[in-house]
Structure formats: C-alpha cells, structure tokens
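The values are calculated or read from the model by the stated rules, or taken from the named source; none is laboratory data. Everything numeric in this text was worked out from a predicted model, so none of it was measured. Every residue, glycine as well, gets a Cβ built from its backbone with ideal geometry; the counts of neighbours run over all protein chains shown.
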Amino acid sequence: MNSLIKKSTKVVAALAALTLIAGCSSSSDSASSSVKACLALDTGGVDDKSFNASAWAGAQAAEAAGAEVKYLAATSDADYAPNIKKLVDEGCSIVIGVGFLINSAIVEAAKANPDTKFAIVDQDGKDHGPAGDQYPGTVIENLKGIEFATNQAAFQAGYLAAGYSKTGKVATYGGLNIPPVSIFMDGFARGVAHYNTVKGKKVSVLGWDTAKKDGTFVGGFSDQAKALQISKNFEQQGADVIFPVAGGLGAATANQSMTGKKSVTIWVDSDGYEQAPQFASVLLTSVMKGVGTSVTAAIQEVIDGTFSSTNYLGTLENSGTFLAPYHDLESTVDAGLAAEVEQLREDIISGTVAVS
C-alpha cells in the first residue's frame, strides 16, 4: 500500500468513526458548554453519505473540545434563511452554512448579527453585493469562508480513471452547474487530458467540456432516477469509469455499476467505501473534500478565542482534499499507475503540474 493510501486511511477512518454516531440533531452531553456550534445544512439530509454527513461528523469532533453541537436540515432553499435565524435566536456561538447555495442567507445573517460568528462551506464568505457580481467583495469580520481546491485531487482521479479504463471512455456528471460541483468535474477532465498528453493516448471524457465549462447535470441532488438514467447512458456510450459529483446520488451510479457490471464508480466528498459499504466492490476510489476537518477547525477557533475572517482553503498539501484508498479494488490498479497517481500529487503540490 502506498504512502498516500496509508495517510488517507487514518483521516478517513477517523471521519468514518465520527459519522457512525451522527444519528441525532443535537448533543446532550455538552449542554453546559459555553460554545454552541450549529450547522445550517443544505438539502439532502444529514445522512446523505457525503457532504452533509461529513460536516456533521466534523461538528461532532469538536464535542471533545467542549462544544455543544446541533444541526438543522433544509428540505428546500426556502428553509435556508429561517433555519439560520432559528440558530441565531437559540444563541449559537457560531453558525456554519453547509453548501454553496446557502451563501446569500449566511452573508445577510452575518451582517445583521455581528455578535455571532459565522462560516460558510464552499464559498469565500465575502459580500459580493445584491447581484453577487461585485468582486473581490467586502470582508465581513464575523464570517469565515471555507473553500477547497478539489480540482487537485479530482485531477489525480481523472488520471487514474484514464489509466484504469479499458474502453478509452470515462465520464462525469454533476448535481448542479455551480462552482463547488464543476470544480471537481473540470479537474477530473483535465486529469484525463494530462494522462493523454503523458501517454500519447486518446481517452475521452463524457459529461464535461472544459472549453465550454458545461456538461451533464441532474438539476439537483435528490433525483435518484435521473442520476441512474445518466449513469446507464454513460455505460451505453462505453464509459467504464464514472465520477458522479452529486452528493448522495452517487448511490445510483454505484448501484448501476454493480448491476450492469460495465463500470466502476468514483465517489465524491467522503470515502464511499466507509459511507456506503454496500457498493465496496465497485468503488475505485473517492475524491475527498475535508469538509469535516474544516468545520472542526472553524469551531475550534471559536473555542480558542482565535476566530477570524481569514479564509480556509483545503488543498492536497494540507489534506483538505485527497484521494481515498483503492480498498477492495487495489489489486486491480496497476502498480505503475498507482505510483504515477501518487507522484502526481507531489507534482501538483510543487507546481510542476498545473491543474487549471
């Protein structure tokens, strides 16, 4: 097992263990804590086996440091602002919005409640004006942006997929065409292109056009039937490695990989092997986003009294993004390819290889 896998396994195991106990919306063990950390989740539920689950696991990790933690889940975007208001009214020390789409509600809440700390996952935490078009934006002193250079790990995944493919076709699709989704898809496609350049191959990518910055999308993160149909279509076109960037909808793709026996799946955000072990036999790897780690870090700043508006950026270098182990499919990954993928990590960190 290579060093990347050994390193990743420790991180993954810790988050997975935390997620196993994420079965309630608040903690009763830390009621006397002076820091109450609250999550305003995106749609998909706390048990989405991906984005929200990772954030909640990260909040729970902060319990050991004395924080009381709680979440409110959204059923639609109409719930964002009301949920945030409820958490502020309950006296939460920090309110963390989990998801790109919650940004405007978090920004407005942060401006209206300067005595409460806020953070937003997958956004820069700046006020970009009413139309969202004012850049670089105004810093809000009580709001921290949490972002991830997931195109770095996705680039590795694209290279891996290209080298693993037997058909010369791989695919990706997303939930919505928003930056936190498309950054994965673009990195993946560019990783395939890098493989082609290095190896003189012509592996094609279905589902994403790097020039047009557009591709195949479900239109949300809850339509399992549409995600399944997209996956079937990709298989019919010859794709034998599929990378869904749609949270829990990855289950539809992995299920198709199992039943169709024509493809393997790359999971997103969390380690699918741990989060959805029923698909272990078809999960090549997972492109990890350190959501849990970043949430824990933001809460810890409040506990330590060091909270600031300085943004958090997760990278390969700080393990804010990385590839999960190959787990059950490790023996099917050529040793030379695995070594190249690991070296690619070092080359991306050093700047020898540019991911965009």
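For the reader, a short list of remarks on this structure follows.
- Selection of the range 194-239 for residues being polar (S, T, N, Q) and modelled with pLDDT under 95 yields only Ser222.
- Qualifying residue in the range 346-355 (condition: without any contact (Cβ under 8 Å) to a residue 12 or more places away in the chain and either touching an Asp or Glu at 6+ places or on another chain (Cβ under 9 Å) or aromatic (Phe, Trp, Tyr) (or both)): yes
- Here Val205 meets the list (1) in contact with an Asp or Glu (Cβ under 9 Å, 6 or more places away or on another chain); (2) assigned to a strand (DSSP E or B) almost entirely, failing just condition (1).
- In the range 240-266, of all residues being over 18 Å from Leu329 (Cα atoms) and in contact with a Lys or Arg (Cβ under 9 Å, 6 or more places away or on another chain), the one that is modelled with the highest pLDDT corresponds to Ala252.
- Of residues in the range 245-256 being buried (at least 24 other Cβ atoms within 10 Å of the Cβ) and small (Gly, Ala, Ser), the one farthest from Pro179 (Cα to Cα): Ala254
- Gly250 touching a Pro at 6+ places or on another chain (Cβ under 7 Å) and touching a residue at least 40 places away in the same chain (Cβ under 8 Å): yes
- One residue stands out in the range 90-112 among those that are over 17 Å from Gly58 (Cβ atoms) and either hydroxyl-bearing (Ser, Thr, Tyr) or surrounded by fewer than 17 Cβ atoms within 10 Å (Cβ to Cβ) (or both): the one that is modelled with the lowest pLDDT, namely Ser104.
- Residues (in a loop (DSSP other than H, G, I, E, B) and either in contact (Cβ under 8 Å) with a residue 24 or more places away in the chain or closer than 12 Å to Ala65 by Cα (or both)) located in the range 289-315: Gly290, Phe307, Ser308, Ser309, Thr310, Asn311, Thr315
- Filtering the range 166-182 to residues that are under 19 Å from Thr321 (Cβ atoms), in contact with a helix residue (DSSP H, G or I) (Cβ under 7 Å, 6 or more places away or on another chain) and buried (at least 22 other Cβ atoms within 10 Å of the Cβ) leaves Thr172, Gly174, Gly175, Pro180.
- Among residues of the range 204-227, those that are hydrophobic (A, V, I, L, M, F, W, C), crowded, with 22+ Cβ neighbours inside 10 Å and free of Cβ contacts under 8 Å to residues at least 40 places away in the same chain, counted: 1
- Residue match in the range 239-256 (condition: over 16 Å from Thr172 (Cβ atoms) and of a type in the set (Ser, Thr, Tyr)): no
- Residue among Ile230, Ile242 that is in contact (Cβ under 8 Å) with a residue 12 or more places away in the chain, buried (at least 23 other Cβ atoms within 10 Å of the Cβ) and in a strand (DSSP E or B): Ile242
- Selection count where residues are touching a helix residue (DSSP H, G or I) at 6+ places or on another chain (Cβ under 8 Å), part of a loop (DSSP other than H, G, I, E, B) and not acidic (Asp, Glu), scope the range 256-277: 4
- Options Lys49, Lys144: the member that is in a strand (DSSP E or B), among the charged types (D, E, K, R), under 26 Å from Ile183 (Cα atoms) and not assigned by TED's automatic domain parsing to the domain that holds Phe184: Lys144
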